[in-house]
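*Asks:* My questions all concern the structure below.
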Amino acid sequence: MVDTTFFKNNGPFTLAQIAEVCGAELRDASKAGENIKDIATMANAGAEEICFFYDKKAKAKAAEIKAAACITTPELKALIPSGVVVLVSNNPKLSFLKLNQHFYSEIVARAEVSRTAKIAPSAKIGQNTFVGEHVVIEENVEIGENCVIEHNAVISRGCKIGNNTRIGAGAQIAYCLMGNDCYIYSGARIGLDGFGFMVINGKHQRIPQVGRVIIGNDVEVGANSCIDRGALDDTVIGDGCRIDNLVQIAHNDKLGRGCVIVSQTGIAGSCTFGDYVVCGGQSGFADHLTIGSGVQIGAQSGLMRDVEPGAIVMGTPAVPIKDFMRQTAMVQKLIKK
């Protein structure tokens with residue numbers, strides 16, 4: 001059962017409503033009016049709760065389901081015990097996503113501006129926006145409607161943030177233009193100096209970083225991740241990107257639409273990614289690389305060369321996935337000898 005201390009339960013919903021939300025077929029129409037109060041796992045769901053069963057590896061556990069109802073696939077429906085109402089979906093994972101979004105919502109503070117917030121007179125804040133305790137919003141900042149700026153966040157001068165955007169507690173936004181429907185998680189740092197130096201007379205002299213960070217619509221940036229502003233050109237994060245916690249994106253990097261960057265990835269400066277690039281955890285990139293659209297990069301890979309669109313690579317230095325598997329198999333054989 002989901003803890004309503006942290007999430008609001010919008011139920012109960014009838015099985016007919018659930019079937020409509022999930023795009024599922026209710027096998028017993030006589031049960032359409034029965035109420036479901038919560039979602040739970042196969043192992044824990046009980047009376048008045050619904051569960052999902054779509055993993056073939058869990059077949060042995062299907063007989064133990066005690067939920068009021070279960071959403072499953074056409075292939076697995078016969079394994080559901082009698083007495084459990086069956087809803088059939090061709091894509092139960094998508095049905096779970098839809099029902100989860102329908103059932104639960106975060107408890108969001110009502111729109112208000114906390115008295116301890118420091119807001120410059122020239123800043124513009126849209127309607128229905130929450131500004132938390134000790135937030136700092138500097139000169140000429142523009143924040144759209146229906147936003148949430150959580151406690152201790154800092155929005156530096158001149159930044160623009162679109163509608164329906166959430167800035168997590170303690171996050172810092174500077175030199176940044178951001179679109180709508182974004183979520184910047186707690187502790188993220190966006191728009192700070194890029195890591196650029198020249199050695200002059202035996203000392204590291206910082207190169208001025210005078211670019212910006214441009215973030216599109218529907219972008220998520222995880223907790224304690226950093227996106228540096230450009231040295232001269234802008235750092236650009238395309239629409240729909242998902243950036244995990246503890247990611248470093250350096251100055252002048254450009255990510256296309258829908259890229260997924262998993263935690264502890266580090267991307268050196270001036271790299272260009274196409275659309276829907278996926279980077280596994282702890283992957284690393286040399287500077288000035290071009291990574292084509294649709295590329296998939298395995299965890300802990302080291303990228304030292306450009307990658308063609310659609311390629312799947314892994315290893316350090318990264319090679320096509322089949323070559324990596326052959327290398328691994330060959331090393332195993334040598335060890336056994």
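*Asks:* Report the net charge of residues surrounding Lys37, where surrounding means a beta-carbon distance below 11 angstrom and charges are Lys +1, Arg +1, Asp -1, Glu -1.
*Replies:* Taking every other residue near Lys37 into account, the sum is -4.
*Asks:* Another question about this same structure. Local charge sum around Ala231 (other residues, Cβ-Cβ under 14 Å, Lys/Arg +1, Asp/Glu -1)?
*Replies:* Cβ neighbours under 14 Å give a net charge of -2.
*Asks:* In which sequence would Leu192, Leu99 go, from the one with the fewest C-beta neighbours within 10 Å to the one with the most?
*Replies:* Leu192, Leu99
*Asks:* Run the numbers on the chain and let me know its relative contact order in percent, using alpha-carbon pairs under 8 Å that are six or more apart.
*Replies:* 7 percent
*Asks:* Within segment 151-182, list the trypsin sites (Lys or Arg not before Pro) lying in a DSSP loop whose Cβ has at most 14 other Cβ atoms in a 10 Å radius.
*Replies:* The qualifying sites are Arg157.
*Asks:* Based on other C-beta atoms within 10 Å, arrange Asp233, Asp228, Asp3 from fewest to most.
*Replies:* Listed from fewest to most nearby Cβ atoms, that is Asp3, Asp233, Asp228.
*Asks:* By counting other Cβ atoms within 10 Å of each Cβ, how are Thr272, Thr4 ranked from fewest to most?
*Replies:* Thr4, Thr272
*Asks:* Quick query: amide H of Tyr183 versus all other amide H atoms, modeled in the peptide plane; which residues come in under 5 Å with a sequence gap of 5 or more or a different chain?
*Replies:* Arg166, Val219, Glu220, Val221
*Asks:* Let me ask something else about it. I'm spelling it out carefully: the read-out is Kirkwood radius over Cα pairs in Å, the candidates are (i) 19.8; (ii) 22.9; (iii) 20.7, and one was derived from this structure. Which label?
*Replies:* (ii)
*Asks:* Hey, another quick one. For segment 7-106, what does the relative contact order come out to in percent, with C-alpha contacts under 8 Å and a separation of six or more?
*Replies:* Across segment 7-106, relative contact order equals 32 percent.
*Asks:* Calculate, in nm to one decimal, what Asp3 and Lys37 gain on full extension: separation in residues at 0.36 nm each, minus their alpha carbon distance.
*Replies:* 11.0 nm
*Asks:* By average Cβ neighbour count within 10 Å, what is the ranking of 113-124, 294-305 from highest down?
*Replies:* 294-305, 113-124
*Asks:* For segment 129-172, what class follows from the C-alpha gyration tensor (a ≥ b ≥ c being the square roots of its eigenvalues): rounded when a/c is under 1.5, otherwise prolate if a/b is larger than b/c, else oblate?
*Replies:* oblate
*Asks:* Quick check: residue separation of Ser122 and Ile200 times 0.36 nm, minus the Cα distance between them. What number comes out in nm?
*Replies:* Here the segment from Ser122 to Ile200 would lengthen by 24.0 nm.
*Asks:* In addition: Quick one: grab the alpha carbon gyration tensor of segment 7-106, order the square roots of its eigenvalues as a ≥ b ≥ c, and give me rounded if a/c is under 1.5, else prolate or oblate depending on whether a/b is larger than b/c.
*Replies:* rounded
*Asks:* Using a Gaussian network model of the chain with C-alpha springs under 10 Å, which one of Asp28, Asp244, Asp275 is most mobile by mean-square fluctuation?
*Replies:* Evaluated over the chain, the most mobile residue of the options is Asp28.
*Asks:* Per-residue HN-Hα couplings for segment 6-18, Karplus 6.51 cos²θ - 1.76 cosθ + 1.60 at θ = phi - 60°, whole Hz, x for Gly and Pro?
*Replies:* 10, 10, 7, 8, 8, x, x, 10, 6, 5, 5, 5, 5
*Asks:* Taking H as built 1.01 Å from N, whose amide H comes closer than 5 Å to the amide H of Gly23, not counting residues under 5 places away?
*Replies:* It is none; the list stays empty.
*Asks:* So which aspartates and glutamates can Lys118 reach, going by Cα to Cα under 18 Å and dropping same-chain residues fewer than 8 places off?
*Replies:* Glu133, Glu138, Glu139, Glu142, Glu150
*Asks:* Also: I'd like the antiparallel share, as a percent to the nearest 5, of DSSP beta bridges with both residues in segment 211-337.
*Replies:* 5 percent
*Asks:* Rounded, prolate or oblate: pick one for segment 151-309, where a ≥ b ≥ c are the square roots of the eigenvalues of its C-alpha gyration tensor, a/c under 1.5 means rounded, and failing that, prolate if a/b is larger than b/c, else oblate.
*Replies:* oblate
*Asks:* Give me the lysines in straight-line cross-link reach of Lys59: C-alpha distance below 28 Å, same-chain residues under 8 apart excluded.
*Replies:* Lys31, Lys37, Lys77, Lys93, Lys98
*Asks:* Net charge near Ala120: determine it from the other residues with C-beta under 9 Å of the C-beta of Ala120, scoring Lys and Arg +1 and Asp and Glu -1.
*Replies:* The answer is 0.
Coordinate-derived values only; no laboratory data. Keep in mind that this is a model prediction, so the values were computed, not measured. Note: ideal-geometry Cβ built from the backbone for every residue, glycine included; neighbour counts use all protein chains shown.
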